[in-house]
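Written below as structure tokens is the structure these notes are about.
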Amino acid sequence: MTLSARMRWGPVAVLACAAVLHASDKKDNPKPAASQMVDSGSFGVFVKGQRVVTENFSVQQDNGISIVKSQLKETARPTTAGQRSELQMTNSGELVRYQWTDGSGSLVVTPNNEFLLEKITTAASSKPAERPFLMPSTAAILDNNFFVHRQVLAWRYLATNCHTENGTQKCLQGALDFAVLVPQDQTSMSVRMELAGREKITIRGTERELLRLNLKGEAFSWALWVDEKDQFKLMRVLITDDNTEVVRD
């Protein structure tokens with residue numbers, strides 16, 4: 001899903017991982033494990049009720065680096081390679097490396113002094129084209145079509161607005177702005193996330209009470225629901241303007 005346009009499939013300070021939010025007040029185990037799987041699974045992407053894409057993803061912490069991997073598989077072309085991405089960040093939310101490929105082209109984003117430097121390689125040229133963005137290394141990556149990136153942004157937002165009090169998660173309402181880079185579009189922008197509160201919604205015929213977050217930019221408005229009882233995992237995304245719904249499998 002593009003941030004700046006309608007759907008197109010084809011050829012801040014802290015990374016608030018769910019484990020950190022879930023166990024932030026535990027004093028008996030202050031040091032994270034050397035390697036820890038934070039989340040894994042898949043999202044089904046439905047347009048007008050029809051499944052068009054499955055996103056398989058994982059979020060892992062390894063020696064202070066958070067690694068977010070994702071692969072997209074189109075329902076109509078299940079045997080094709082699809083798109084792949086890997087996002088590496090420090091636990092303080094600084095970008096280490098982002099890479100994406102669809103099998104015919106690829107791109108890599110890395111910090112370079114005061115810039116984020118994007119290198120794009122296409123099938124027509126073996127020499128990568130370079131484009132710098134004057135952005136801090138803590139800028140969020142929200143690439144097209146990868147909903148796990150939206151989950152990571154939600155965790156970053158909730159790390160600022162939520163805390164544990166007497167064993168219960170307390171979250172404050174309020175909007176935060178984030179500088180983001182959309183590598184496939186070679187575009188930087190500002191987005192705003194805000195906690196709307198708890199809502200009862202039906203997912204696959206079962207009613208659930210989840211936290212709703214609103215994610216907005218200049219040309220889009222999305223609703224996200226996360227489960228505060230299950231490490232703030234992203235459960236559903238609704239993009240009304242595109243007749244699109246994303247649901248965790």
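The values are calculated or read from the model by the stated rules, or taken from the named source; none is laboratory data. Bear in mind that the values here come from a model prediction, so they are computed numbers and not experimental data. When we count neighbours, we look across all protein chains shown, and the Cβ atoms used for this are built from the backbone with ideal geometry, even at glycine.
Here are the numbers for this structure:
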{"quantity": "Any strands (runs of 3 or more DSSP E) falling wholly within the stretch 116-214 and containing at least 3 residues that are under 20 Å from Val246 (Cβ atoms)", "calculated": "175-182, 187-203"}
{"quantity": "Sole residue being closer than 18 Å to Leu234 by Cα and of a type in the set (A, V, I, L, M, F, W, C), chosen from Leu87, Leu117", "calculated": "Leu87"}
{"quantity": "Criterion violated by Ala196 - all others in (1) of a type in the set (A, V, I, L, M, F, W, C); (2) touching a strand residue (DSSP E or B) at 6+ places or on another chain (Cβ under 8 Å); (3) modelled with pLDDT under 95; (4) crowded, with 16+ Cβ neighbours inside 10 Å satisfied", "calculated": "(4)"}
{"quantity": "Of all residues making up the stretch 91-105, the number that are of a type in the set (Ser, Thr, Tyr) and at pLDDT 95 or above", "calculated": "2"}
{"quantity": "Residue among Leu238, Leu224, Leu176, Leu172 that is at negative phi, at pLDDT 95 or above, surrounded by fewer than 20 Cβ atoms within 10 Å (Cβ to Cβ) and not β-branched (Val, Ile, Thr)", "calculated": "Leu238"}
{"quantity": "Count of residues meeting criterion [within 16 Å of Glu55 (Cβ to Cβ), of a type in the set (Ser, Thr, Tyr) and either surrounded by 15 or more Cβ atoms within 10 Å (Cβ to Cβ) or modelled with pLDDT under 90 (or both)] in the stretch 75-90", "calculated": "2"}
{"quantity": "Pair list, Cβ under 6 Å, 6 or more apart: the stretch 205-221 residue over 16 Å from Thr187 (Cβ atoms) and aliphatic (A, V, I, L, M), other residue in a loop (DSSP other than H, G, I, E, B) and modelled with pLDDT under 95", "calculated": "Leu211/Glu228"}
{"quantity": "Subset tally (residues that are closer than 13 Å to Ser188 by Cβ and aliphatic (A, V, I, L, M)) for the stretch 130-174", "calculated": "6"}
